[in-house]
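*Asks:* Quick one: this structure, given as structure tokens, is what I'll be asking you about.
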Amino acid sequence: MNPRHHPTADVLAAYSAGALEAGFGLVVGAHVETCSACRASVLTYEAASGAALKELPSADVAADALTRVMSRLDEAPAPVLARDTRPLLERLPLKPRKWIAPGVWVAAVDTPHAPNNRVYLLSVKPGMPTARHEHSGAEFCTVLQGAYRDELGLFSTGDFAATDTDVNHQPVVQGDEDCICLFATEGRLKPKGLLGRIAFAYADV
Ligand SMILES: [Zn+2]
């Protein structure tokens with residue numbers, strides 16, 4: 001199944017260059033894992049950076065460089081780490097789930113490398129309303145399971161959404177599967193209404 005909503009070219013280029021804040025990079029990576037079109041774009045951007053490196057002026061090499069390389073050939077090879085092939089949902093280091101309403105939980109993702117972002121999973125059962133909210137900064141989201149619909153369209157597993165300060169939306173879960181999304185934000189969400197404010201404050205997202 002191919003996702004229908006993708007990061008922009010600018011976001012993919014920044015992701016390929018490692019220039020996104022770590023939390024945002026994690027969410028874009030979750031989309032890229034499921035999207036062959038974006039994987040191809042990332043490879044193209046990486047190849048372009050590699051070509052740019054080749055055009056840098058050459059630098060002098062230490063006189064003993066060749067000897068050092070040759071001596072390392074006798075060292076034991078570095079261990080090869082087995083690739084973790086589980087779905088991303090099972091690989092994420094999650095803090096305990098917090099139920100913020102019947103059928104709705106959040107779990108922060110433990111991301112010590114991303115101190116400037118809030119990264120969390122939000123899971124919503126079909127038929128449960130989510131809190132209408134505005135954003136106080138950029139937010140990236142990739143759907144890891146299920147689907148939701150909002151003013152911007154239908155978002156299913158693998159789809160990516162980026163919103164910023166002027167979006168005020170209320171997603172509604174579609175289908176009969178719990179909808180689980182991976183979010184990264186750079187600011188606190190501003191939920192509308194008392195229930196939304198209590199829920200977000202309690203869940204500390
Ligand atoms: Zn894509």
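The values are calculated or read from the model by the stated rules, or taken from the named source; none is laboratory data. For clarity, every value in this text was computed on a predicted model and none was experimentally measured. Note: ideal-geometry Cβ built from the backbone for every residue, glycine included; neighbour counts use all protein chains shown. When the accessible area is computed, the model is the full protein with side chains, heavy atoms only, and any ligands, DNA or RNA have been set aside. Shrake-Rupley method; radii C 1.70, N 1.55, O 1.52, S 1.80 Å.
*Asks:* Does any residue of segment 72-87 turn out to be surrounded by 10 or more Cβ atoms within 10 Å (Cβ to Cβ), within 16 Å of the ligand (Cβ to nearest atom) and at pLDDT 85 or above?
*Replies:* Step one: list which residues in segment 72-87 are surrounded by 10 or more Cβ atoms within 10 Å (Cβ to Cβ), which gives 87.
Of the ones still in play, those that are also within 16 Å of the ligand (Cβ to nearest atom) are none.
No, there is no match, as no residue in segment 72-87 is surrounded by 10 or more Cβ atoms within 10 Å (Cβ to Cβ), within 16 Å of the ligand (Cβ to nearest atom) and at pLDDT 85 or above.
*Asks:* Looking only at residues that are more than 14 Å from the ligand (Cβ to nearest atom) and surrounded by fewer than 16 Cβ atoms within 10 Å (Cβ to Cβ) in segment 11-38, which one is farthest from the chain's Cα centre (by Cα)?
*Replies:* Restricting attention to segment 11-38, the residues satisfying the condition of being more than 14 Å from the ligand (Cβ to nearest atom) are 14, 17-26.
Then keep just the ones that are surrounded by fewer than 16 Cβ atoms within 10 Å (Cβ to Cβ); that gives 17-19.
Details: 17: 15, 18: 13, 19: 14 Å.
Filtering first and then ranking leaves 17.
*Asks:* If you scan segment 1-30, which residues turn out to be closer than 19 Å to residue 158 by Cβ, part of a helix (DSSP H, G or I) and aliphatic (A, V, I, L, M)?
*Replies:* Result: 9, 11, 12, 26, 27, 28, 30.
*Asks:* Separate question: Within segment 39-71, how many residues turn out to be within 13 Å of the ligand (Cβ to nearest atom), open to solvent by 100 Å² or more (accessible area, probe 1.4 Å) and β-branched (Val, Ile, Thr)?
*Replies:* Of the residues in segment 39-71, 0 are within 13 Å of the ligand (Cβ to nearest atom), open to solvent by 100 Å² or more (accessible area, probe 1.4 Å) and β-branched (Val, Ile, Thr).
*Asks:* Look at residue 132 and say whether it is open to solvent by 10 Å² or more (accessible area, probe 1.4 Å), modelled with pLDDT under 85 and among the basic types (Lys, Arg).
*Replies:* yes
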